[in-house]
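Before any comments, here is the structure.
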Ligand SMILES: Cc1cc2nc3c(=O)[nH]c(=O)nc-3n(C[C@H](O)[C@H](O)[C@H](O)COP(=O)(O)O)c2cc1C
């Protein structure tokens, strides 16, 4: 089994709750099944660019014009996508580690998703819409936030977006471990909330290890 771990958090593990959750998740995964292959991708070490007009042509013109030949500039604009999408195509499970920022995902994660979720890589465009060409079974979200709310709350703009994005390529199984209330100055039980989320992350990892 191939697990792609995408890290969308600029903070070091010592000060990051979501990265601590990731540490525990992968410890539990490897304890259960040391044969699982993990590919760590830190977006702050390899920053995705925002999609440009040239990149849009490169990604989407072939869908409507089979004779399209990209210009050199269009090819260059697709470099990040061409160099990074294969890691997603190879994945059975994708783990996304991130904080909540402004009720949603950090922009760097959306920029990465925009680069890799393109036709010819994770899907081909058929008459009825996208036809998946990947084999991702599950997406795991390891999330940390200051306020006390999680998925299914109307303030949550993160998990609906992730669900919609992965639904587009046919992935419906989204597992979530979310440490909310992490502002210890306002929430007396932040450590307990963190530990519960770490436990949830470890349980998800154990279930995934059994699928392999
Ligand atoms: C730019 C920015 C925006 C944030 N927006 C929110 C928010 O909308 N809701 C929330 O609960 N916390 C918000 N936070 C707080 C973080 O989600 C919180 O501190 C989280 O625990 C950070 O994760 P980490 O410890 O893994 O780095 C924000 C923090 C930053 C820096």
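Nothing in this text is a laboratory measurement; each read-out follows from the coordinates by a stated rule. For clarity, every value in this text was computed on a predicted model and none was experimentally measured. Cβ placement follows ideal geometry from the backbone for every residue including glycine, while neighbour counts extend to all protein chains displayed.
Going by a ≥ b ≥ c, the root eigenvalues of the Cα gyration tensor, does region 101-162 fall in the rounded group (a/c under 1.5), the prolate group (a/b larger than b/c) or the oblate group?
prolate
Rank by packing, highest mean first: peptides 138-148, 32-42, 188-198, with packing defined as the count of other Cβ atoms within 10 Å averaged across residues.
138-148, 188-198, 32-42
I'd like the Kirkwood hydrodynamic radius of region 2-211, using the inverse of the mean 1/r over distinct C-alpha pairs, in Å. Kindly include the intermediate steps, with their values, before the conclusion.
Details: mean 1/r = 0.0554 Å⁻¹.
Evaluated over region 2-211, this radius sits at 18.0 Å.
Indicate the gyration tensor shape class of region 135-212 (rounded, prolate or oblate), computed on the Cα atoms with a ≥ b ≥ c the square roots of the eigenvalues: a/c under 1.5 is rounded; otherwise a/b larger than b/c is prolate and the rest oblate.
oblate
Mind pulling the angle between the C-alpha long axis of helix 17-32 and the longest principal axis of the chain? Nearest 10 degrees, somewhere in 0 to 90.
The angle comes out near 90 degrees.
Do you know the relative contact order of the chain, to the nearest whole percent, from alpha carbon pairs under 8 angstrom that are 6+ apart?
Details: 368 pairs, mean separation 55.7, N = 212.
So the answer I get is 26 percent.
Helix 190-211 sits at what angle to the longest principal axis of the chain, using alpha carbons and giving 0 to 90 degrees rounded to 10?
Once rounded, one gets 50 degrees.
Looking only at 156, 65, 92, which one moves most when the chain is put into a Gaussian network model with springs between Cα atoms under 10 Å?
Comparing 156, 65, 92 in a Gaussian network model of the chain, the most mobile one is 65.
By the gyration tensor of its Cα atoms, with a ≥ b ≥ c the square roots of the eigenvalues, what is the shape of region 1-65: rounded for a/c under 1.5, prolate for a/b over b/c, or oblate?
oblate
DSSP beta bridges in the chain, what fraction antiparallel, as a percent rounded to 5? Could you put the intermediate results ahead of the total?
On the way: 5 of 31 bridges.
For the chain, the DSSP antiparallel bridge percentage is about 15.
Any chance you could give the angle, 0 to 90 degrees and rounded to 10, that helix 53-64 forms with the longest Cα principal axis of the chain?
Roughly 70 degrees between the two axes.
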